[in-house]
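Quick notes on the structure that follows.
The values are calculated or read from the model by the stated rules, or taken from the named source; none is laboratory data. Because the structure is a prediction, the values reported are computed rather than measured. Reconstructed Cβ throughout: ideal geometry from the backbone, glycine too, with neighbour counts over all protein chains shown.
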Amino acid sequence: MTPDTLDRRSFLRRSALVPAVIAAPALLGVPAWAEEATAFVDTYRTNVPANRTPETNAAVRALSGMQRLWRTGPSWDTGTVLDAEVLRANVRHVVAVTRTRSAAEAKRAFVYDRQHQSYAAIGGLGPLSDLYRTGAKAVTSITSAPDGTPAAKIDDAVPADAPAGSALGAGSYDSELGLVAKLVDTVRGTFASGNPSKYAYQYPRPWRLTADSRVADTGRVDSLGFPVYRSDVIVAPQLLRQRNTSPVDDAGYPSGHTNAFHLACLALAYAVPERFQELVARAYDLADTRIVAGMHSPVDVIGGRILATALTAATLADPGNATLKASAREQALAYFTAKTGTTADTLFARAHAGPDEYTDRCANAEMVARRATYGLPRRGRNLPMTVPKGAEVLLETRLPYLTAGQRREVLRTTAFPAGNPLLDGPEQWGRLNLFAAADGYGAFDAGVRAELDAARGGFHANDSWRNDIGGDGGLVKAGSGTLTLHGNNSYRGGTRLTAGTLVAASPCALGTGAVEVTGGVLRVSGLRVGGYRQAGGTLSVRPGAGPALAVSGTVTLDPGSTLEIHLDGSCPVWEIPVLSARRIQGRFAVVKADRPGFRVVPRYTPTGLSLRILREFS
């Protein structure tokens, strides 16, 4: 089975939310220290060079799922393969990628190998990227890759012609976005290194491994003086002189570049949540270049992502950084609205105006799902997801109208499936799917109340949930803001609208239960529900091929209910189907068009309602 086949199978299983796990040898038991250890967010400052064991270092502990695949030996080249199938697939994926990559892909991998990782993350801002670079005075000297092997090691540096005060990475503190740059650097701070974990696990880079994930030195050196290993992995030629000649100091797990890419992208996503999903996708994209380069394997990249996710949450949850993170968000919002001539309510649209590398949301979601595990064989039990302590802070600016507990539930219900040894490690940091979590709940397992406040602007005023929401619970939409549901939803607990606007953007947007409107505006077009009651508020319908609202049960219309028809373009005389139901009880108190110059005549039957639209002539 090829790595590509594994990727496709894994993605299809995740997409269908199939819980089955591939049969596999029994996993090693989880050590007692992993079960009893203090939460990562409370102990992340133990991640320092002197601490290299799971018992002493929170980062080493968070990555200890690797102990189910590989046992570290007394020296760097004497480790023991514990799960040959997984590690074989791991190295063979790198072989397949490095043997089929194009010259352009190799050059791109070089650029992101040598460029400052925080600068590379800025590309996830899309249409806002250039504005960010200017406002932050962020610069780089690595913009292209040489052909072949560079004559000497190439490192990023501030260009000689850069504006005064410019800085590498996220930018200068002495700039219009200085607090954002400082937030990125803080997240990538003293306790954010992957090196202690590299020393702890000593899993070699792929070009030192055979397809069976065993170290095999031929005893020779190449023309550049590097040891030659019996591996089919091909390091990108531009990076041949970038390799560390000391294997004991150059382990692969976790990938340091991957850790840095995700740290920078997640910090920017906190400050600029209008590009949250695209920045998450950017991190996955940049991390994959480590495999394309031949410098890392999938387990290395997965480990780097797990570590960065935990470290970002810990840093943002640290009370000592509370003022900085809030100020960075405020500074970014003020800067981008001023520079784009937008408001907090319209910045999201401006941040997605025009094509960029991450325009295609579906492609981004597929990439994230595929690279979450790289299709490595699944293992173990179908563990229930327990959200790590403090992880909810990662969604604090993206879903600001939810409580901390609700954000935890979003993370739980959108998590990657269990069964991957690395993702299933202590506290399950690897199972967090931040891309999906930005689209709201994956299930309502209990009642959910969403209260959006239009006066506060941004996501408080208008947001969309795009996941397919299941579960036995229901939704109460409250507050003056607007919430749009896009998914193929199957939640069974019903929907109640008390204020603001609720938009049903798909036929199954409001699940299979009954819908009740007591206030606000419900916007529908071709919606199907189990039952419908309106005791106030407005039902706003858009004409379509069939009824705007199809109810399998009873429709009850109490006094005070309003029906509004949304009219597009010029309207001749015609009749529009609005409601179909098993039975209709009551009448709308007010029936109107949303545009002047038209008269609306309702036509009721015991099981339906249609509207005859007449143009009024003066």
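Among (1) at pLDDT 90 or above; (2) more than 28 Å from ALA283 (Cβ to Cβ); (3) of a type in the set (A, V, I, L, M, F, W, C), which single condition is VAL248 missing?
Going through the list (1) at pLDDT 90 or above; (2) more than 28 Å from ALA283 (Cβ to Cβ); (3) of a type in the set (A, V, I, L, M, F, W, C), VAL248 breaks only (1).
Assess whether VAL60 counts as being of a type in the set (Val, Ile, Thr), assigned to a helix (DSSP H, G or I) and touching a Pro at 6+ places or on another chain (Cβ under 7 Å).
Answer is yes for this residue.
Going through the stretch 323-366 one residue at a time, which ones are part of a helix (DSSP H, G or I) and of a type in the set (Asp, Glu)? Outline the logic, then answer.
If we filter the stretch 323-366 for residues that are part of a helix (DSSP H, G or I), which is where we start, we get 323-340, 347-351, 361-366.
GLU330, GLU366, listed by residue number.
Only one of THR315, THR397, THR373 is in contact (Cβ under 8 Å) with a residue 60 or more places away in the chain, buried (at least 18 other Cβ atoms within 10 Å of the Cβ), in a helix (DSSP H, G or I) and of a type in the set (S, T, N, Q). Can you tell me which?
Working: THR397 fails: in a helix (DSSP H, G or I); THR373 fails: in a helix (DSSP H, G or I).
One residue alone meets the criteria, THR315.
Yes or no, residue by residue, for (1) in the same structural domain as GLY487 (by TED's automatic domain parsing); (2) at pLDDT 95 or above; (3) within 23 Å of GLY487 (Cα to Cα):
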{"site": "ALA509", "(1), (2), (3)": "yes, yes, yes"}
{"site": "VAL515", "(1), (2), (3)": "yes, yes, yes"}
{"site": "THR518", "(1), (2), (3)": "yes, yes, no"}
{"site": "LEU527", "(1), (2), (3)": "yes, yes, yes"}
{"site": "VAL541", "(1), (2), (3)": "yes, yes, yes"}
{"site": "PRO559", "(1), (2), (3)": "yes, no, no"}
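Regarding ARG350, is this residue under 14 Å from the mean Cα position of the chain (by Cα) and modelled with pLDDT of 95 or more?
no
Every residue, every condition in (1) surrounded by 23 or more Cβ atoms within 10 Å (Cβ to Cβ); (2) under 16 Å from the mean Cα position of the chain (by Cα); (3) part of a helix (DSSP H, G or I); (4) basic (Lys, Arg), yes or no:
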{"position": "PRO421", "(1), (2), (3), (4)": "yes, no, no, no"}
{"position": "TRP429", "(1), (2), (3), (4)": "yes, yes, yes, no"}
{"position": "ALA446", "(1), (2), (3), (4)": "no, no, no, no"}
{"position": "SER464", "(1), (2), (3), (4)": "no, yes, no, no"}
{"position": "LYS477", "(1), (2), (3), (4)": "yes, no, no, yes"}
{"position": "ASN489", "(1), (2), (3), (4)": "yes, no, no, no"}
{"position": "ARG492", "(1), (2), (3), (4)": "no, no, no, yes"}
{"position": "ARG496", "(1), (2), (3), (4)": "no, no, no, yes"}
{"position": "THR512", "(1), (2), (3), (4)": "no, no, no, no"}
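Which numbered condition in (1) part of a helix (DSSP H, G or I); (2) under 23 Å from ASP288 (Cβ atoms) is the only one that ASP130 fails?
Single failed check for ASP130: (2).
Before we move on, is TYR119 part of a helix (DSSP H, G or I), free of Cβ contacts under 8 Å to residues at least 60 places away in the same chain, buried (at least 18 other Cβ atoms within 10 Å of the Cβ) and not hydrophobic (A, V, I, L, M, F, W, C)?
Against the criterion (part of a helix (DSSP H, G or I), free of Cβ contacts under 8 Å to residues at least 60 places away in the same chain, buried (at least 18 other Cβ atoms within 10 Å of the Cβ) and not hydrophobic (A, V, I, L, M, F, W, C)), TYR119 qualifies.
Anything in the stretch 285-304 that is buried (at least 24 other Cβ atoms within 10 Å of the Cβ) and out of contact with any Ser or Thr (no Cβ under 6 Å at 6 or more places or on another chain)? List them, or say none. Talk me through it step by step, then tell me what you get.
Keep residues of the stretch 285-304 that are buried (at least 24 other Cβ atoms within 10 Å of the Cβ), which gives 286-287, 289-291, 293-304.
LEU286, THR289, ILE291, ALA293, MET295, SER297, PRO298, VAL299, ILE302, GLY303, listed by residue number.
Which residues, taken from the stretch 268-312, are outside any helix (DSSP H, G or I) and either at negative phi or outside the structural domain of GLY189 (by TED's automatic domain parsing) (or both)?
VAL272, ALA293, MET295, HIS296, SER297 - these are the residues of the stretch 268-312 that are outside any helix (DSSP H, G or I) and either at negative phi or outside the structural domain of GLY189 (by TED's automatic domain parsing) (or both).
Which residue pairs have Cβ atoms closer than 7 Å, lie 6 or more positions apart in sequence or on different chains, and pair a first residue in the stretch 404-416 that is without any contact (Cβ under 8 Å) to a residue 40 or more places away in the chain and in the same structural domain as THR373 (by TED's automatic domain parsing) with a second residue that is part of a helix (DSSP H, G or I) and basic (Lys, Arg)?
Listed pairs, sorted by first residue: ALA415/ARG431.
Just wondering, is there one or more residues in the stretch 105-114 that are surrounded by 21 or more Cβ atoms within 10 Å (Cβ to Cβ) and acidic (Asp, Glu)?
Within the stretch 105-114, the first condition is being surrounded by 21 or more Cβ atoms within 10 Å (Cβ to Cβ), and the residues that meet it are 106, 109-110, 112-113.
Subsequent filtering for residues that are acidic (Asp, Glu) retains 113.
The answer is yes; a qualifying residue exists.
Among PHE261, PHE191, which is the only one that is of a type in the set (Phe, Trp, Tyr), within 27 Å of THR143 (Cβ to Cβ) and either outside the structural domain of ALA120 (by TED's automatic domain parsing) or out of contact with any strand residue (DSSP E or B) (no Cβ under 6 Å at 6 or more places or on another chain) (or both)?
Answer to the selection: PHE261.
Please work out if GLY425 is touching a Gly at 6+ places or on another chain (Cβ under 9 Å), within 16 Å of SER64 (Cβ to Cβ) and either free of Cβ contacts under 8 Å to residues at least 12 places away in the same chain or surrounded by fewer than 23 Cβ atoms within 10 Å (Cβ to Cβ) (or both).
When the stated conditions are applied, GLY425 does not pass them.
Just to be sure I understand the filter: pairs with C-beta atoms under 9 Å, separated by 6 or more residues or on different chains, first member in the stretch 444-458 and farther than 27 Å from ASP472 by Cα and touching a residue at least 40 places away in the same chain (Cβ under 8 Å), second member loosely packed, with under 15 Cβ neighbours inside 10 Å and of a type outside the set (D, E, K, R). Which pairs pass?
If the second residue must be loosely packed, with under 15 Cβ neighbours inside 10 Å and of a type outside the set (D, E, K, R), the pairs left are GLY457/THR343; GLY458/THR343.
For the stretch 147-189, how many residues are among the basic types (Lys, Arg) and closer than 16 Å to VAL272 by Cβ?
The qualifying residues number 1.
Looking at the stretch 319-341, which of its residues are free of Cβ contacts under 8 Å to residues at least 60 places away in the same chain and surrounded by 18 or more Cβ atoms within 10 Å (Cβ to Cβ)?
THR337
Restricted to the stretch 572-618, and to residues that are in a loop (DSSP other than H, G, I, E, B) and aliphatic (A, V, I, L, M), which residue is modelled with the lowest pLDDT?
Result: VAL573.
I'd like to check something: does the stretch 137-160 contain any residue that is β-branched (Val, Ile, Thr), assigned by TED's automatic domain parsing to the domain that holds ASN364, part of a helix (DSSP H, G or I) and more than 27 Å from the chain's Cα centre (by Cα)?
Looking for residues that are β-branched (Val, Ile, Thr), assigned by TED's automatic domain parsing to the domain that holds ASN364, part of a helix (DSSP H, G or I) and more than 27 Å from the chain's Cα centre (by Cα), one finds none in the stretch 137-160, hence no.
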